[in-house]
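Some notes on the structure that comes next.
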Amino acid sequence: MATFTVISVGRLKERYFEEAAAEYIKRIGGYTKLNLIDVKSDTDIIGKIPGGAFVFALCVEGRQLTSEAFSQKLESVYHSEKKSVCFLIGGSDGLPDDVKAAADFRLSMSEMTFPHRLAKIMLLEQLYRALSIQNNGKYHK
């Protein structure tokens with residue numbers, strides 16, 4: 001199982017977001033290792049990407065996947081030469097073009113606009129859901 005890294009601009013400040021993140025972090029920890037890296041600006045992202053990682057850039061122009069397809073995509077990455085999986089979440093202006101260009105896959109959560117802090121929670125939930133699907137867990141129905 002690959003290690004997951006989530007690099008995001010800013011940090012969760014609201015208690016309710018922190019609590020939601022903590023719950024999904026705990027659940028994901030039952031399956032794999034998860035690293036969360038908060039950076040101050042977009043310019044700090046590329047330098048934090050782990051070497052050899054398969055990189056997902058979360059951006060509105062990315063490809064939308066069902067939860068099942070996302071789980072399958074992650075599974076295909078596990079069987080590739082990549083050693084880890086990294087997700088990039090930009091700030092309120094999204095990710096800059098050079099950061100998106102460094103990604104292996106552009107992923108869109110929705111055509112709707114969400115605050116980047118909520119996008120982090122949504123990603124953590126989908127990571128847990130994907131792991132649950134892969135392990136025949138009861139979470140995904």
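The values are calculated or read from the model by the stated rules, or taken from the named source; none is laboratory data. All of these numbers come straight from a predicted model, not from anything done at the bench. Methodologically, a virtual Cβ is constructed for each residue, glycine included, from the backbone with ideal geometry; neighbour enumeration extends over all protein chains shown. Remember, those area values only see protein heavy atoms, side chains included, never the ligands or the DNA or RNA. Shrake-Rupley method; radii C 1.70, N 1.55, O 1.52, S 1.80 Å.
Quick notes
- Once backbone amide H atoms are built at 1.01 Å from N, Cys86 has Thr5, Phe54, Val55, Phe56 as its partners under 5 Å, excluding neighbours fewer than 5 places away on the same chain.
- Taking the charge dipole of the range 37-141 about its Cα centre, with +1 at Lys and Arg Cβ atoms and -1 at Asp and Glu Cβ atoms, the residue from Ala103, Phe114, Val77 reaching farthest to the positive side is Val77.
- Rolling a 1.4 Å probe over the heavy atoms of the protein chains gives the chain an accessible area of 55 Å² per residue.
- All other residues whose Cβ lies under 13 angstrom from that of Ala57 are scored, Lys and Arg at +1 and Asp and Glu at -1, for a net of -2.
- Percent carbon-and-sulfur accessible area, the chain, ignoring ligands, DNA and RNA, probe 1.4 Å: 49
- Convex hull of Cα atoms in the range 35-141, direction-averaged projection (nm²): 6.8
- Dipole-positive endmost among Gly52, Gln126, Gly137 within the chain (Cβ charges, Cα centre): Gly137
- The residues neighbouring Leu36, those whose beta-carbon lies less than 13 Å from its own, together hold a net charge of +4 under the Lys/Arg +1, Asp/Glu -1 convention.
- A simple count of charges around Ser80, restricted to other residues whose Cβ falls under 13 Å of its Cβ and scoring Lys, Arg +1 and Asp, Glu -1, yields 0.
- Assigned charges on the beta-carbon of Lys, Arg, Asp, Glu; the chain dipole about Cα centre (debye): 480
- Converting phi to 3J(HN,Hα) with the Karplus coefficients 6.51, -1.76 and 1.60 and the offset θ = phi - 60°, the range 103-114 yields 7, 7, 8, 9, 10, 10, 6, 4, 7, 6, 9, 10 Hz in sequence order, with x at every glycine or proline.
- Placing +1 on each Lys and Arg Cβ and -1 on each Asp and Glu Cβ, with no other charges, gives the range 90-134 a dipole about its Cα centre of roughly 200 debye.
- Rounded Å value of the spacing that divides the Cα centres of the range 95-141 and the range 6-73: 7
- Set Lys48/Lys83; Lys73/Lys120; Lys73/Lys100; Lys48/Lys138; Lys26/Lys120; Lys33/Lys138 screened for pairs whose C-alpha atoms are more than 23 Å apart: Lys48/Lys138
- Taking 0.36 nm per residue of separation and subtracting the current Cα-Cα distance, fully stretching the chain between Glu18 and Leu118 would add 35.0 nm.
- In the range 70-141, the GluC sites (Glu not before Pro) that fall in loop regions by DSSP, at most 11 other Cβ within 10 Å: Glu81, Glu111
- 5 angstrom amide H check on Gly91, placed H, neighbours 5+ away: Val9
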